[in-house]
Every structure is written in structure tokens, then in C-alpha cells.
Amino acid sequence: MFSNVFLGFLLLLLVFVLYYMTNQNNGRLLVLLFASCVFYGWFEWKFLFLLLFVILTDYLVARALARQEGKRQRYRLLLLSLIADLSILIVFKYFNFFASSFASLLNWFGIAVSPVHVDILAPIGISFFVFKSLSYTIDVYFRRIPPEKSFLRYAVSIAFFPQLLAGPIMRPREFLPQLQSSRPFDSGQMVRGLSRAILGAFKKLVIADSLAPLVMIAFDKPAIHSSMTLALGAIFYAFQIYADFSGYSDIAIGLGQMLGFRCVENFDRPYVAKSPSEFWRRWHMSLSTWLRDYIFLPVFYPLQRTFSRFVSSAKTADKWGYGTASMVTMLCAGLWHGAAWTFVVWGAIHGMLMSGQRLLLPSPRKRRFRKPPMRTAVSAFAFLITFTLVTLCWIIFRSSSLSTAAIYLKQLFAFTPTDWGAIPGTIGVVKGTILIIALIICEWAAQTRFLKQSLARPFSWLRLLASSAAVWAIALFGSLNGQPFIYFQF
Amino acid sequence: MASLLSTFSFKSSGRRPRICSASLWVALLIGLIFTGDRLFSVGLKQLLLASEFRYSNLYAGRSRADVLIIGNSRALNCCYAPAIQQKYGISAINLAYNGLPMEMAAALIEDYYDLNVPPKILIIEATSLTHGNYSRDIYLYAAVSRRLRKLFEADLPNRYLTEKLFHLQTYNRETFLRVLYYLRRSDQNWINRYRISPEIVRESHDMSTTTWENRKENINALMDVMSIANRFGTRVVIIVSPYLPGYIDKVLNFDAWLTELRTLVGGQATVWDYSRALTDLDYFADRVHLNEDGSRRLLDIMRNDGIFVIKGPRETDPPGASGNH
């Protein structure tokens with residue numbers, strides 16, 4: 001693992017040197033494209049062809065859309081892009097899942113069928129770059145952006161290596177304008193990016209990987225553990241997945257900044273959310289905005305119009321439209337994460353929570369208790385409930401199957417007596433708890449005016465100290481087992 | 001083609017890139033990282049040697065005992081050092097560790113002889129001769145032991161290199177947490193105290209058979225240890241501590257292995273077979289480890305066999321004492 005990391009650092013350094021040595025934009029884009037191909041091909045070179053197929057198909061479709069004015073022809077071109085991109089997802093990621101689920105359904109009806117199983121390795125990052133490319137053709141179809149003439153620029157916008165494997169899902173309409181001009185070297189941006197990447201590595205190697213052992217123990221055989229162990233396992237997983245994924249996003253955003261690009265943010269302290277919908281406005285924001293723009297809104301508006309024909313109140317039609325669109329969107333979100341019923345159920349529950357919130361809770365304008373201390377008490381209660389519900393959903397997300405999730409939840413709510421001595425890996429639990437508290441304190445502190453002002457200056461001593469401390473912490477507490485990023489599997 | 005080539009031109013066109021501020025910051029960052037790494041690791045090394053953990057005492061030169069016990073987890077649990085002191089008035093130190101092979105034990109023993117007063121009796125649990133894997137937690141002490149550093153470099157060359165670069169990584173081990181835990185308390189009371197469960201007893205009947213083989217490196221290490229021990233007048237005792245009744249019958253070549261061991265050590269050490277010495281299940285924590293009660297019972301047996309007889313003054317004797325015990 002050490003030799004891979006060391007080699008990775010050397011290659012990254014080479015990319016930066018070559019990138020900034022070139023003067024012209026096209027030269028820099030060539031360096032980026034080459035680096036992205038090497039990066040992606042490192043894992044499995046055959047999947048490079050898949051990536052290039054997606055890029056080429058949507059590039060050509062978008063160019064054709066620009067030449068077509070007829071509604072039907074443009075629609076057919078969009079359909080071609082959708083079919084090409086989604087087919088790749090379905091074949092490589094979902095084929096076995098749909099086949100086995102269909103066979104199970106037939107068996108349930110008494111029709112004996114053996115499921116077809118194909119040994120396919122899902123290309124890493126497929127969900128991310130397919131969504132990126134899809135959003136481009138959809139935006140060109142709706143004339144939100146003009147099609148990109150340069151294949152090089154378009155290819156880099158999709159294959160940009162910091163974001164290729166696990167996002168953020170930066171849409172071409174946000175990224176292409178930045179690729180059109182050569183970005184002058186910005187020393188402040190370089191330093192900000194470097195410190196951001198170091199922070200991301202700290203979150204992943206120190207926090208996420210330190211929480212992993214107890215999570216693995218709890219989820220491996222939940223039936224044999226006490227309720228306290230399972231509760232700790234669930235909370236640890238909530239923070240593990242947050243630190244892991246936001247850590248990767250920080251690394252990706254930091255590397256992008258070092259190359260002179262502004263990348264979209266992916267997280268905004270999701271666990272301070274006071275409602276399920278607020279959680280999704282703070283968690284994996286690049287995915288949730290993609291789902292909002294390309295699934296939720298196209299489903300919501302027609303449904304709202306349809307419902308308004310059957311109900312007298314516009315507000316009721318709105319609520320029902322919102323609820324249905326939320327369910328559809330979150331089911332897609334669940335499926336996007338993986339080809340398993342646990343993800344589908346996880347998405348469905350989030351959809352129900354968001355629908356329930358809209359249907360049952362009063363709108364913000366009509367809410368009572370607008371003044372402290374009642375407002376504070378209500379906010380605290382809402383925060384606790386949201387965190388609890390989200391963590392319970394993570395149990396289903398993390399479990400290997402629905403039956404394991406059911407056992408986990410059943411054992412968790414059995415409230416078995418706690419034997420503190422029997423909690424596995426006590427040292428790891430103490431370390432994990434301290435790290436979670438440290439993460440919460442750091443994220444809270446980062447919102448204070450003092451730190452915001454200090455960190456606004458790129459060359460501040462505080463930034464220097466914080467980055468150094470992160471590296472010391474990685475050396476002293478970081479996991480050296482080479483655990484992969486959780487979101488690489490999606 | 002010309003325009004493509006010109007994109008890689010080394011000539012700057014227009015403003016020179018302002019890399020000085022960023023370079024300076026990065027240089028400061030690297031400097032601060034390495035300075036902090038070295039400073040903090042010096043502090044942690046002091047903590048390491050100040051601890052009462054068994055190996056910290058060893059490398060700080062604070063270990064003094066008549067009886068030294070070493071081996072793997074079986075040695076950790078079969079010879080309870082505080083019991084030897086309480087029952088027989090003989091000072092004892094247990095230097096065993098989970099999974100410790102003889103090759104690593106030899107490095108620890110040789111360091112012990114370099115830095116501390118040699119013991120009168122050295123008890124080695126024989127099954128450490130069969131181990132192939134190193135107890136990598138012990139590499140924490142590679143910072144203070146040339147012998148352990150050599151083993152570390154051969155075993156994990158990449159990690160060895162990163163620890164040379166980042167000294168703080170040396171302390172990124174669970175052992176260091178134990179060091180901190182035992183900062184102000186002795187770790188000699190570290191022993192199993194639970195009883196074997198009926199399920200494990202039942203499962204042991206269905207265990208598959210196995211054969212034991214001594215690792216050549218471990219045998220060579222044992223020879224070195226016996227040679228040093230004899231040079232300093234230490235009596236070497238090799239024991240096979242008790243197994244759950246019926247377990248040792250699963251080792252098909254046990255008798256041949258024991259005979260070979262006795263032949264190898266010759267007159268340099270005595271080999272005692274206690275593998276079947278205890279039959280009461282209450283003395284066992286699991287199939288291969290005793291608990292505290294089992295250890296106390298075994299020590300009585302060893303005492304009756306004369307293993308704890310010490311000729312000459314003991315560490316626990318007042319100054320001027322002479323005789324045999």
C-alpha cells in the first residue's frame with residue numbers, strides 16, 4: 001500500500017508540474033485528460049473504453065441536438081443518449097439484481113425459475129460519470145446550455161480525475177465555462193486546495209477508518225451483541241460514512257482548487273439538520289441537486305397539475321405532488337447507491353420521511369414557538385429526532401441484507417442489559433468517541449467568526465498549523481490498513 | 001502540429017507565474033511537519049520509557065527479578081508473576097506477549113541482559129518455537145532496540161521506511177495505548193480470569209488433528225539465548241504448559257516433537273512437559289490458555305519439581321544473604 005501511495009504522490013506531482021509548465025489552455029487540458037485516463041485505467045484499463053464510449057456518445061448527441069430544430073428529432077436524440085447511458089448502468093450495475101429479483105417474484109407466484117447470473121465487475125465510479133454526462137445532454141436538449149464544440153474540453157469535464165470516482169457530481173454546465181479559459185496560477189488557491197486535501201485525508205484516515213472496526217463487528221453478527229454495542233455501531237457508522245465521503249470530497253475539491261478550478265460543495269454539516277428534507281439539502285448536495293433538477297421537478301410539476309384536477313385545494317394538490325415526487329426521487333436515489341434491496345428500502349424510507357414531513361408538519365410560516373426558549377427546545381428536539389431517524393436508516397443502508405437489518409433493529413430495540421466489559425474493542429470505542437467529539441467541535445469551530453476570518457486568508461498561520469496538525473494526526477492515529485473509500489462502491 | 005508543440009513551450013508568455021508565495025508556504029508546511037514530528041516523537045519516547053509496561057521497564061533498565069518468563073500468550077497466562085512473588089517470595093517478571101515467536105523473544109532477552117541484571121532462572125514456553133508470524137506490536141520498541149529494528153526492517157520494509165520518515169508513526173500502534181494505560185501501574189497482573197465455556201469444551205472434541213514443526217529461525221534463536229543465559233549463570237527451563245484435556249492428543253507428532261526438542265537443547269536446558277498436568281476444566285480460560293487459578297496450580301507443580309530452586313543470593317534477599325533456597 002505504501003508503494004502505491006508513494007507512486008500516486010509522485011504521479012500527482014508530475015501532473016501538477018506539467019500542468020503549470022504549459023502555457024496554453026489546450027495543453028493543460030491535454031495533461032488533465034491524460035492524467036485522468038491514467039488514473040482511471042490504473043484500476044482496470046478495460047473500463048477506459050466504457051468511459052470514452054459515454055463521453056463520445058453524449059458529445060456527438062449534443063452536437064447533433066444543436067443542428068436539429070424539429071421537436072421529434074431532438075427528442076429521439078435525447079432518447080438515444082438516455083438509452084446508451086442508462087443501458088451501461090443497467091448492464092454493469094443492475095443486471096444481476098433485476099434478474100434475481102424477477103426470478104424471486106416468479107418463484108413467489110409458484111413459477112419455478114432459476115435466475116440468470118452474469119459475472120460482471122461494475123466499473124468504479126460508473127454512477128458518477130454517467131450522471132454527469134446525462135445531465136449534459138438533458139441541459140443541451142432543454143437549451144439551458146449550448147453544446148460544447150471542443151471534444152477535449154467536454155472529455156475533461158466528464159473524466160476530470162479528482163471527481164471521477166466519487167464526485168462531487170459537477171455538471172458540465174458548471175464546469176465547462178471554467179475549462180474555456182486558461183486559469184492563471186493563483187498561489188492562494190493552491191494553498192487553500194492543499195490544506196483542504198490534507199483535511200480530507202485526515203477525515204478519511206483518522207476518523208473514518210478508526211470508526212470502521214466497531215462498525216464491522218456490530219454489523220457482521222448483530223444478533224450476538226448487546227443493544228448498547230449496536231447503538232454505538234450505528235452512531236459510529238453515521239460518522240464513518242460522513243467522514244469517509246466528505247473526506248473524499250474535500251480531497252477532490254482541494255485537488256481541483258490546486259489546479260485552479262472552483263468545485264461544488266458536497267456537504268454542509270448534514271447532521272445539524274432539523275428535518276429529513278433539510279438533511280438532503282446538506283448531504284451529498286451534488287447528487288441531491290441533480291436528483292431535484294432531473295427527477296423531482298420533472299415528476300412534481302405534471303403530478304401537481306394532475307392532482308389539482310381531482311382535489312379542490314391547490315395546497316393539497318401541491319402536498320400530494322410533492323409526496324409522490326419525493327418517493328420516486330428517493331427510490332431512484334436508493335437504487336443509484338447500489339443494486340440491492342437494502343438501498344431501495346433506505347431510499348423509500350427517506351422518501352416517506354420527506355413526504356410525511358410535507359404532509360403532516362405545518363409550513364415554516366405557520367409554525368408556532370418562534371421565540372426562545374420554546375423555539376430552542378423545539379429545534380433541539382427536531383435535531384435529535386432527525387439524527388435518530390437518519391441513523392436508523394443508515395442501519396438498513398449498511399446491512400448486508402434486509403434480514404440482517406431486521407435482526408439489527410430488533411436486537412437494538414430489545415434494550416438488552418449493557419455489559420460495558422463485553423463491548424468489543426473497548427480501546428477502539430473510546431478512541432472513536434473522542435474522534436467523533438473532536439470532529440463535531442472542529443466543524444462547530446469552523447463556523448465561528450474568528451476562524452472564518454482567519455482561514456479566509458490563504459497564508460494564515462492558523463491554516464499552516466491546522467494542516468501540520470492534520471498530518472501529525474494522520475501519522476499518529478491514521479489507519480494504515482488501506483481501507484477503500486465507501487463511496488467507491490457506488 | 002506547431003501550435004500543439006508550442007503549448008509545451010518553456011518560455012513564459014506574459015506574466016511570470018507567482019509561485020513564490022505558495023512555494024514558501026509549502027516549504028514552511030513541510031518544515032513544520034517534520035519539526036513537529038521529531039519534537040513530538042521525542043516526547044512520546046520519554047513517555048514510552050517512563051511507563052510501567054513490561055517492555056518499557058526492560059528498555060529503561062528498571063527490570064530486576066530472579067525469574068524471567070517469556071513466550072507467547074500461553075506463557076503470559078501460565079506463569080503468573082505476582083503469584084510467584086506472593087507464594088514463594090521469589091521476584092519474577094513475565095515478558096511474554098501474544099503470538100511472540102522465539103526469534104523476537106530472543107531479541108528481547110538479549111536486550112534484557114544488556115540493560116538489566118541477569119535473572120537466575122529463565123522460563124521459556126516451548127510453543128513459541130513453532131510460531132512463524134511476528135508479534136508486530138512489539139516493533140513499537142524498535143525505536144530503542146537495534147535488534148528489534150533489524151527484525152522490523154526484514155519483516156515490514158515499507159513500514160520501516162515510513163517510520164524512518166515520520167517518527168510519529170512508530171507510536172501508531174495499539175501497544176502504545178497499553179503503554180499509556182500502564183503509565184503508573186504494573187502490567188504484571190495481566191492474565192485471563194474467566195473460565196472456559198461448555199460450548200468451547202464440546203467443540204474441542206471435534207477439532208481436527210494437527211502436527212507441530214519448529215521454525216529453524218526460532219531454534220537458532222533458542223540456541224543463542226541458551227548460550228547467553230549459560231554465560232551469565234542463568235538456568236534455562238523450557239516448559240510445555242497445560243492444554244485442555246484431550247487437546248494434546250490432536251497433535252499427532254507431539255511425542256516426536258518433544259523428543260527432538262530435548263535432543264536439540266541437550267544439557268543447556270531442562271524441558272518439562274506439563275501439557276497434561278491439569279485436568280480440572282475450571283483451570284482453563286480456553287483450549288490453550290490457563291486462567292489465574294490454573295496458573296497458580298501449575299506454579300505449585302513447578303515448585304514441587306524444583307524449578308524455582310535458586311542457588312546463590314536472590315534479588316529479593318536482603319544484602320549479605322548467601323544460601324540455597
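The values are calculated or read from the model by the stated rules, or taken from the named source; none is laboratory data. All values derive from a computational prediction rather than experimental measurement. Please note: Cβ atoms are built from the backbone with ideal geometry, for glycine as well, and neighbour counts cover all protein chains shown.
Residue-by-condition table, conditions (1) surrounded by fewer than 21 Cβ atoms within 10 Å (Cβ to Cβ); (2) aliphatic (A, V, I, L, M); (3) closer than 15 Å to residue A:393 by Cβ; (4) touching a helix residue (DSSP H, G or I) at 6+ places or on another chain (Cβ under 7 Å):
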position	(1), (2), (3), (4)
A:208	no, yes, no, yes
A:222	no, no, no, yes
A:228	yes, yes, no, no
A:233	no, no, yes, yes
A:238	no, yes, yes, yes
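Restricting the search to the range B:158-172, which residues are in contact (Cβ under 8 Å) with a residue 60 or more places away in the chain, assigned to a helix (DSSP H, G or I) and within 7 Å of chain A (Cβ to nearest Cβ)? Those that are in contact (Cβ under 8 Å) with a residue 60 or more places away in the chain, assigned to a helix (DSSP H, G or I) and within 7 Å of chain A (Cβ to nearest Cβ): B:168, B:171. The residue pairs whose first member lies in the range B:256-277 and is within 24 Å of residue B:289 (Cβ to Cβ) and touching a residue at least 60 places away in the same chain (Cβ under 8 Å), whose second member is surrounded by fewer than 16 Cβ atoms within 10 Å (Cβ to Cβ) and not aromatic (Phe, Trp, Tyr), and whose beta carbons are closer than 6 Å, counting only pairs six or more residues apart or on different chains, are B:271/B:262.
Residue-wise test of (1) touching an Asp or Glu at 6+ places or on another chain (Cβ under 9 Å); (2) at pLDDT below 95.
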site: B:247; (1), (2): no, yes
site: B:269; (1), (2): no, yes
site: B:300; (1), (2): no, no
site: B:310; (1), (2): yes, yes
site: B:313; (1), (2): no, yes
site: B:320; (1), (2): no, yes
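Counting the residues of the range A:257-296 that are farther than 18 Å from residue A:334 by Cα, surrounded by fewer than 18 Cβ atoms within 10 Å (Cβ to Cβ) and out of contact with any Ser or Thr (no Cβ under 7 Å at 6 or more places or on another chain) gives 5. Counting only helices (runs of 4 or more DSSP H) that sit completely within the range A:171-278, those holding 2 or more residues that are without any contact (Cβ under 8 Å) to a residue 12 or more places away in the chain correspond to A:209-220.
Taking the condition at negative phi and either hydroxyl-bearing (Ser, Thr, Tyr) or not in a helix (DSSP H, G or I) (or both), does residue B:214 pass? Considered against the rule, which asks whether it is at negative phi and either hydroxyl-bearing (Ser, Thr, Tyr) or not in a helix (DSSP H, G or I) (or both), residue B:214 comes out as yes.
Can you tell me which residue is farthest from the other protein chains (Cβ to nearest Cβ) among those in the range B:31-59 that are free of Cβ contacts under 8 Å to residues at least 12 places away in the same chain and hydrophobic (A, V, I, L, M, F, W, C)? Per the stated criteria, the residue is B:42. All conditions in (1) outside any strand (DSSP E or B); (2) under 21 Å from the mean Cα position of the chain (by Cα) hold for residue B:239, with the sole exception of (1). Within the range B:19-30, residues that are within 7 Å of another protein chain (Cβ to nearest Cβ) reach partners that are β-branched (Val, Ile, Thr) and surrounded by 12 or more Cβ atoms within 10 Å (Cβ to Cβ) with beta carbons closer than 6 Å, at six or more positions or on different chains, in the pairs B:22/A:191; B:25/A:191. Just so you know, in the range B:54-84 the residues that are touching a strand residue (DSSP E or B) at 6+ places or on another chain (Cβ under 6 Å) and within 18 Å of residue B:185 (Cα to Cα) include one that is surrounded by the most Cβ atoms within 10 Å (Cβ to Cβ), and it is B:81. Residues that are more than 14 Å from chain B (Cβ to nearest Cβ), assigned to a helix (DSSP H, G or I) and under 30 Å from residue A:186 (Cβ atoms) do not occur anywhere in the range A:22-31.
Would you mention how many residues in the range A:451-479 are under 26 Å from residue B:172 (Cβ atoms) and in a helix (DSSP H, G or I)?
First, the residues of the range A:451-479 that are under 26 Å from residue B:172 (Cβ atoms): A:462-479.
Checking which are in a helix (DSSP H, G or I) leaves us with A:462-477.
Of the residues in that region, 16 qualify.
Please indicate, with yes or no, whether at least one residue in the range A:263-273 is under 30 Å from residue A:415 (Cβ atoms) and more than 16 Å from the chain's Cα centre (by Cα). Within the range A:263-273 (the criterion being under 30 Å from residue A:415 (Cβ atoms) and more than 16 Å from the chain's Cα centre (by Cα)), the answer is yes, since at least one residue qualifies. The single condition among (1) within 23 Å of the chain's Cα centre (by Cα); (2) away from chain B (no Cβ under 11 Å) that residue A:193 does not satisfy is (2).
Kindly evaluate residue B:96 against the criterion of being small (Gly, Ala, Ser), surrounded by 24 or more Cβ atoms within 10 Å (Cβ to Cβ), in contact (Cβ under 8 Å) with a residue 60 or more places away in the chain and under 24 Å from residue B:242 (Cβ atoms). Outline the logic, then answer.
Values: small (Gly, Ala, Ser): yes; surrounded by 24 or more Cβ atoms within 10 Å (Cβ to Cβ): yes; in contact (Cβ under 8 Å) with a residue 60 or more places away in the chain: no; under 24 Å from residue B:242 (Cβ atoms): yes.
No; evaluated as a whole, the condition is false for this residue.
List the residue pairs whose Cβ atoms are under 9 Å apart, where the first residue sits in the range A:453-471 and is more than 8 Å from chain B (Cβ to nearest Cβ) and under 15 Å from residue B:166 (Cβ atoms), the second is of a type in the set (Ser, Thr, Tyr) and surrounded by 15 or more Cβ atoms within 10 Å (Cβ to Cβ), and the two are 6 or more positions apart or on different chains. Between residues of the range A:453-471 that are more than 8 Å from chain B (Cβ to nearest Cβ) and under 15 Å from residue B:166 (Cβ atoms) and residues that are of a type in the set (Ser, Thr, Tyr) and surrounded by 15 or more Cβ atoms within 10 Å (Cβ to Cβ), the close pairs are A:470/A:195.
What residue, of A:87, A:36, is crowded, with 19+ Cβ neighbours inside 10 Å, more than 14 Å from chain B (Cβ to nearest Cβ) and of a type in the set (Gly, Ala, Ser)?
Values: A:87 fails: crowded, with 19+ Cβ neighbours inside 10 Å.
Result: A:36 is the single residue among A:87, A:36 that is crowded, with 19+ Cβ neighbours inside 10 Å, more than 14 Å from chain B (Cβ to nearest Cβ) and of a type in the set (Gly, Ala, Ser).
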